[in-house]
Amino acid sequence: MKICKTKELDGKLYRCYFELTVGVLSGKWKALILYRLAVEPVMRFGEIRKSMPEITERMLSKQLRELENDGLISREVYNQIPPKVEYRLTEIGSKLIPILMMMKDWGAEYEEYLGGRGFFCSPEYEQPNTSLQDTAVIESDRKQGAS
């Protein structure tokens, strides 16, 4: 394997494209935030927070800011009272959707490998090997049922 010299890009050091990708997606929450925005293309801060109850508001703000700085999401602020801010994937961020869906499918295989045998197979969870559109419908139905 070839060892590459470190290169600086946008103030950060990387050795290869893979390291660049992992660097942009690093952390517990970024891939989850991107996945949420892939399933539901426009979300407000509170909606993202509600869909990820374990994340603190401070951490969500930090992760959203980093994703915006990296160009993966856009933030639109509406001049109204109360304030309204919407987040969505950018064009370059949308290119991660196939990777995120492959990660979801791998998770289903890994769950089976661990002996889970369909642990997440119930109406409140998405199903393995579902398309993004089907996942979005499942999420919409789940939300309506929770209301």
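Data overview
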{"read-out": "Failed item, numbered, when Val39 is tested on (1) in contact with a Ser or Thr (Cβ under 6 Å, 6 or more places away or on another chain); (2) farther than 22 Å from Met101 by Cα; (3) of a type outside the set (Lys, Arg)", "value": "(2)"}
{"read-out": "Residue selected from region 84-106 under the condition in contact with a Gly (Cβ under 8 Å, 6 or more places away or on another chain) and part of a helix (DSSP H, G or I), by the criterion surrounded by the most Cβ atoms within 10 Å (Cβ to Cβ)", "value": "Gly93"}
{"read-out": "Hits in region 89-147 - residues which are within 17 Å of Met52 (Cα to Cα) and at pLDDT 70 or above", "value": "Leu100, Lys104, Phe120"}
{"read-out": "Residue under evaluation Val42, criteria (1) surrounded by fewer than 13 Cβ atoms within 10 Å (Cβ to Cβ); (2) in contact (Cβ under 8 Å) with a residue 40 or more places away in the chain; (3) closer than 19 Å to Leu20 by Cα; (4) not polar (S, T, N, Q), criterion not met", "value": "(3)"}
{"read-out": "Filter result for Pro41 (part of a loop (DSSP other than H, G, I, E, B), over 12 Å from the mean Cα position of the chain (by Cα) and either of a type outside the set (A, V, I, L, M) or at pLDDT 95 or above (or both))", "value": "no"}
{"read-out": "Qualifying residues in region 107-118 (those that are part of a helix (DSSP H, G or I) and of a type outside the set (A, V, I, L, M, F, W, C)) - the one surrounded by the fewest Cβ atoms within 10 Å (Cβ to Cβ)", "value": "Tyr113"}
{"read-out": "Test: Arg65 is of a type in the set (D, E, K, R) and within 15 Å of Ala31 (Cα to Cα)", "value": "yes"}
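Let's see how each residue does on (1) outside the structural domain of Gly107 (by TED's automatic domain parsing); (2) touching a residue at least 40 places away in the same chain (Cβ under 8 Å); (3) loosely packed, with under 10 Cβ neighbours inside 10 Å:
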| residue | (1), (2), (3) |
| --- | --- |
| Leu37 | yes, yes, no |
| Arg49 | yes, no, no |
| Arg58 | yes, no, yes |
| Gln63 | yes, no, no |
| Glu76 | yes, no, no |
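The values are calculated or read from the model by the stated rules, or taken from the named source; none is laboratory data. Note that the coordinates shown come from a computational prediction; the quantities given were computed from them, not determined experimentally. Every residue, glycine as well, gets a Cβ built from its backbone with ideal geometry; the counts of neighbours run over all protein chains shown.
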